[in-house]
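In what follows, a structure is listed as structure tokens, so that the remarks can point back to it.
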Amino acid sequence: TDDLPAPLLAVDLDAFDANARELLARADGRPLRLATKSVRVPALIERALAAGFEGLMTYSLAEALWWSTRTDDVLMGYPTVDRAALARLAADPVARRTVTLMVDDVAHLDLIAEATATARSKSGDDMPPIRVCLDIDASLRVGPFHLGVRRSPLRTPEDAVTLARQATRRGIEV
């Protein structure tokens, strides 16, 4: 490979395919979503989808929008405040049907509602709702000990219900 330009990647496709089959077998019929931040090569991501993975979890909304033209189930792994990408999502009926945004704060809902209102003023009301997934803290607290990441401020069922109601009030599908 000395004569090939860097960066360079070599993949044992037999091992890749065997790993995909093993993960799907362990899932025992439950759908598996591939995290694209772990597999950054589009051809390998497409190969995993063809093997039976049923969706993608992306790192950024720009990436999610790119994948939304190639697959019909894209979950954002993290909340976003990328206003330009939110505007593109709000204006694109295909992306609205395929991309689900992660949220954990009313401020995220406000940005989504703002982008939706702008898109509606340009194209009318005939668009599917933007969908969101609530990012709930799943770490474990045992007495004074905290195990896991403090990824989200949503820590209780009441926190989740409150944010879900806020989303619904804004016309956002939870």
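Derivation of every value follows stated rules applied to the coordinates shown; laboratory data play no part. Since this is a predicted model, take the numbers as computed values, not measurements. Cβ atoms come from the backbone with ideal geometry, glycine included; neighbour counts cover every protein chain shown.
Tell me, what is a quarter of the convex hull surface for the C-alpha atoms of the range 16-107, in nm² with one decimal? All intermediate terms of the calculation are to be shown ahead of the outcome.
Details: hull surface 25.2 nm².
Average of the hull's projected areas for the range 16-107 equals 6.3 nm².
Treating the beta-carbon of each Lys and Arg as +1 and of each Asp and Glu as -1, no other charges, what is the dipole magnitude of the chain about its Cα centre, to the nearest 20 debye?
It works out to roughly 560 debye.
Quick one: dipole size for the range 101-174, taken about the Cα centre, charges +1 on Lys/Arg Cβ and -1 on Asp/Glu Cβ, in debye to the nearest 20.
Dipole about the Cα centre, nearest 20: 100 debye.
Could you tally the net charge around Gly55, taking each other residue with its Cβ under 11 Å from the Cβ of Gly55, Lys/Arg +1 and Asp/Glu -1?
Neighbour charge sum, excluding Gly55 itself: -2.
In nanometres, what is the gap between the two model label sites at Val161 and Ala51, each 7 Å from Cα along Cα-to-Cβ?
4.2
Using θ = phi - 60° and the Karplus relation 6.51 cos²θ - 1.76 cosθ + 1.60, list the HN-Hα couplings for the range 75-82 in order, rounded to whole Hz, with x at every Gly or Pro.
Working through the residues one at a time gives 10, 6, x, 9, x, 10, 10, 6 Hz.
Post the alpha-carbon centroid distance, the range 93-139 to the range 1-74, in whole angstrom.
Centre-to-centre distance over Cα atoms comes out at 25 Å.
Among Ala90, Leu23, Ala62, which residue has its Cα furthest toward the positive end of the charge dipole of the chain, with +1 on Lys/Arg Cβ and -1 on Asp/Glu Cβ?
Final value for the positive-end residue is Ala90.
Over the range 24-65, what is the mean sequence separation of C-alpha contacts under 8 Å (at least six apart), divided by residue count, expressed as relative contact order in percent?
Once normalised by length, the contact order is 46 percent.
Give me the Debye-computed log₁₀ of I(q)/I(0) at q = 0.12, 0.16 Å⁻¹ for the chain, equal point scatterers on Cα only, no solvent, two decimals.
Cα-only, vacuum Debye calculation for the chain: -0.68, -1.02.
Summing -39500 (n - 2.57) over the DSSP H runs of n ≥ 4 in the chain and dividing by its residue number, what mean residue ellipticity at 222 nm do you reach, to the nearest 500 deg cm²/dmol? Don't jump to the answer; show the numbers that get you there.
Numbers: 7 runs with 78 residues, N = 174.
Result for the chain: -13500 deg cm²/dmol, rounded to the nearest 500.
Quick one: angle between helix 42-51 and the longest Cα principal axis of the chain, in degrees between 0 and 90, rounded to 10, please.
90
Report, by chain and number, residues whose modeled amide H sits under 5 Å from the one on Leu75, excluding near sequence neighbours (fewer than 5 apart, same chain).
Answer set, sorted by chain and number: Leu56, Met57, Thr58, Thr100.
Loop sites only, by DSSP: take the trypsin sites (Lys or Arg not before Pro) in the chain that have at most 16 other C-beta atoms within 10 Å and name the longest stretch containing none of them.
71-149
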